[in-house]
Amino acid sequence: MSDDLTPKQLTKLYLARLAEKAPGYSVEVRVPPYGAVQAVEGGRHTRGTPRAVVETDPDTWLAVATGELSWAEAVESGKVRASGERTDLSEYLPLT
């Protein structure tokens, strides 16, 4: 299935899976330019700057989503920027 999908489609697919696996609104996960979701149970973010943000590029997101790269490795290398509470997504990854 994933062989037929573009990186953009895969990014959106795995963002949606994260939102299903970790429902909530306390962390905004951004993978520009393809998408963003709010996930992880906790306080709700409604406007302005979110209290907790995770941001990475599509290649890194696909690597952590599929288990090719661990969450810890991605954060330590600076490929993932995570700030705020509940931004350790390691318990939800990989998504495959």
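The values are calculated or read from the model by the stated rules, or taken from the named source; none is laboratory data. Treat the numbers as computed from the prediction; the structure is a model and nothing was measured. Positions of Cβ are backbone-derived with ideal geometry, glycine not excepted, and every protein chain shown enters the neighbour counts. To get the accessible areas, we keep the full protein, side chains included, count just its heavy atoms, and leave off ligands, DNA and RNA. Shrake-Rupley method; radii C 1.70, N 1.55, O 1.52, S 1.80 Å.
Brief remarks follow.
- Think of it as helices only: each DSSP H run of n ≥ 4 in the chain is worth -39500 (n - 2.57), and spread over all residues that comes to -9000 deg cm²/dmol at 222 nm.
- Rounded to the nearest 10 degrees, the inclination of helix 7-21 to the longest alpha-carbon principal axis of the chain is 50 degrees.
- The modelled label-to-label distance between Glu91 and Lys21, using points 7 Å beyond Cα along the C-beta direction, is 1.4 nm.
- Surface exposure of the chain, expressed per residue as accessible area with a 1.4 Å probe, stands at 59 Å².
- Only protein heavy atoms count here; under a 1.4 Å probe, Glu85 has an accessible surface of about 130 Å².
- Within the listed set Pro33, Pro23, Pro50, the Gaussian network model of the chain (springs between alpha-carbon atoms below 10 Å) gives the highest mean-square fluctuation for Pro33.
- Overall, the accessible surface of the chain at a probe of 1.4 angstrom is composed of carbon and sulfur to the extent of 46 percent.
- Contact order normalised by residue count of the stretch 26-96, Cα under 8 Å, 6+ apart, percent: 33 percent
- Taking the inverse of the mean reciprocal distance over all distinct Cα pairs, the Kirkwood hydrodynamic radius of the chain comes to 13.2 Å.
- The stretch 21-96: trypsin sites (Lys or Arg not before Pro) falling in loop per DSSP and having at most 13 other Cβ within 10 Å: Arg44, Arg47
- Ser70 versus Ser83: modelled label distance in nm, points set 7 Å from Cα along the beta carbon direction: 2.6 nm
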